[in-house]
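To keep things clear, I will list the structure first and then write my remarks on it.
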Amino acid sequence: MRSSSLKGPNKEYTYIRNVRIAGSRGPLALIQKRKNPRARIPFPWHATGAEIVQQISGPEISNEVIIDLKPYQENVSLYRLLNVWGYSYEGWTPVALHLEALFVDRPESSPKRFKRRFLDRGARRDQIGEFLYLQGGVREGKWNWGMVGRVNGALLWPDAFEYLASSLKGVLS
């Protein structure tokens with residue numbers, strides 16, 4: 001998505017293209033590798049939404065990553081990606097996403113058209129967190145999203161839980 005500031009706190013968003021933040025050539029894997037040149041394990045790391053956008057498209061500061069949580073439903077659920085914290089082990093990485101809820105189950109007669117260009121006027125702006133994991137780490141893996149049944153659940157060992165939970169708590173409090 002590309003955003004442009006309007007008067008006041010409202011922004012206009014325009015869809016540009018779908019992007020993947022996972023994958024071995026995705027921004028999360030590349031950012032972890034750049035921040036961990038000595039390949040330390042475990043490795044706690046953080047990336048802002050702006051860093052992720054920069055990794056995807058260069059220094060275009062008006063772009064943002066908007067997550068469409070329910071792309072095939074009539075209600076619109078859009079979240080702005082603000083931060084990602086990862087805790088990379090050898091072959092997997094639990095992550096905590098810091099999201100801003102823009103619209104949560106908003107009824108729209110034409111969701112596809114709405115998502116192409118919208119104003120965030122009336123956005124909820126709730127700050128929320130989500131724990132997921134990636135099937136890739138410091139030394140191996142494809143960095144694809146992990147699956148547990150129909151959801152992506154992360155098993156968190158105490159060191160990863162402490163880092164991820166305290167990082168999210170710092171921005172959600």
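For the stretch 132-150, the set of residues classified as among the aromatic types (Phe, Trp, Tyr) and modelled with pLDDT of 95 or more consists of Trp143 only. Every condition in (1) at pLDDT 95 or above; (2) within 23 Å of Leu164 (Cβ to Cβ); (3) touching a Leu at 6+ places or on another chain (Cβ under 6 Å) holds for Gly129 except the one numbered (1).
In the stretch 114-149, which residues are on the phi < 0 side of the Ramachandran plot and in contact with a Gly (Cβ under 6 Å, 6 or more places away or on another chain)? Listed by number, the residues that qualify are Tyr133, Gln135, Gly137, Glu140, Lys142. When residues in the stretch 105-130 are screened for being within 16 Å of the chain's Cα centre (by Cα) and assigned to a strand (DSSP E or B), 4 of them pass. Within the stretch 131-153, the set of residues being touching a residue at least 60 places away in the same chain (Cβ under 8 Å), over 15 Å from the mean Cα position of the chain (by Cα) and closer than 10 Å to Pro94 by Cα comprises Gly136, Gly137.
The values are calculated or read from the model by the stated rules, or taken from the named source; none is laboratory data. What you see is a predicted model, and the numbers here were worked out from it, not measured in a lab. Cβ coordinates were reconstructed from backbone atoms using ideal geometry, including for glycine residues, and neighbour counts include every protein chain displayed.
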